C-alpha cells in the first residue's frame with residue numbers, strides 16, 4: 001500500500017501545481033499580452049473616469065440617451081453577479097406587465113408609438129446583461145434622442161451607423177450597436193442643452 005501511496009501523492013501534487021498554478025499563470029500572461037483590452041474587461045474610460053465595460057449593459061433611462069435591453073437581474077439592473085434570464089414564459093402575466101411597463105416608459109420619454117417597437121426594447125436578454133441592441137432598436141429612438149439633445153436627426157443617424165458592428169467574420173452573430181459606446185459618442189458630439 002505504501003508503494004502506491006507515494007507515486008499517487010507525488011502525481012497529485014505535480015498535477016495540482018501544473019493545472020492549478022502554472023497553467024493559469026501562462027494563460028493569463030498570454031491573454032494580457034495578446035488581448036490586453038479584453039483581458040481587462042473591455043473597460044471604457046472617458047476624461048480619466050471609468051465609464052463602464054463594453055461587455056455589460058448599463059441602465060440609461062433619460063430621454064437624451066439611447067436605451068438598451070431590459071435587465072432581468074435583481075435587485076440592481078445589469079448586476080453581473082446575478083446574471084440570468086427572467087425565465088418568464090410568453091403566457092406569464094409578469095412578462096406582459098414588464099413589456100407594458102417598458103412601452104409606457106418609451107411613450108413617456110417621447111418615442112413615436114405609431115411605429116412598431118423593436119422586440120429588444122421591451123424584453124430582457126438571456127443573461128440580463130446584454131450591452132447591445134439591434135440597429136432597428138437604435139433607429140427607433142433617433143427622433144427622441146435628436147429632439148432631446150437639439151441635434152439634427154441625420155447627425156444622430158450617422159452616429160448610429162458609425163457605431164454599428166457587423167457580424168463576426170461576416171457570418172457569426174447579428175449586426176448590433178453597443179449602447180454604452182453609442183451614448184459616449186453622443187456625449188462627445190455636443191453638450192446637451
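The values are calculated or read from the model by the stated rules, or taken from the named source; none is laboratory data. Owing to the predicted nature of the structure, the values given are computational and were not obtained by experimental measurement. Note that each Cβ is placed from the backbone with ideal geometry, even for glycine, and that neighbours are counted across all protein chains shown.
Computed quantities for the displayed model
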item	result
Sole residue being surrounded by fewer than 19 Cβ atoms within 10 Å (Cβ to Cβ) and in contact (Cβ under 8 Å) with a residue 40 or more places away in the chain, chosen from 109, 139, 185	109
Of the criteria (1) surrounded by fewer than 11 Cβ atoms within 10 Å (Cβ to Cβ); (2) closer than 29 Å to residue 177 by Cα, which one residue 40 fails	(1)
Given (1) modelled with pLDDT under 90; (2) touching a helix residue (DSSP H, G or I) at 6+ places or on another chain (Cβ under 9 Å), index of the condition residue 108 fails	(2)
Checking residue 7 against (1) more than 30 Å from residue 103 (Cα to Cα); (2) within 22 Å of the chain's Cα centre (by Cα), the condition it does not meet	(2)
Residue match in the stretch 68-80 (condition: under 13 Å from the mean Cα position of the chain (by Cα), surrounded by 15 or more Cβ atoms within 10 Å (Cβ to Cβ) and within 21 Å of residue 158 (Cβ to Cβ))	yes
Per-region count, the stretch 148-159, residues closer than 13 Å to residue 65 by Cβ and in contact (Cβ under 8 Å) with a residue 40 or more places away in the chain	2
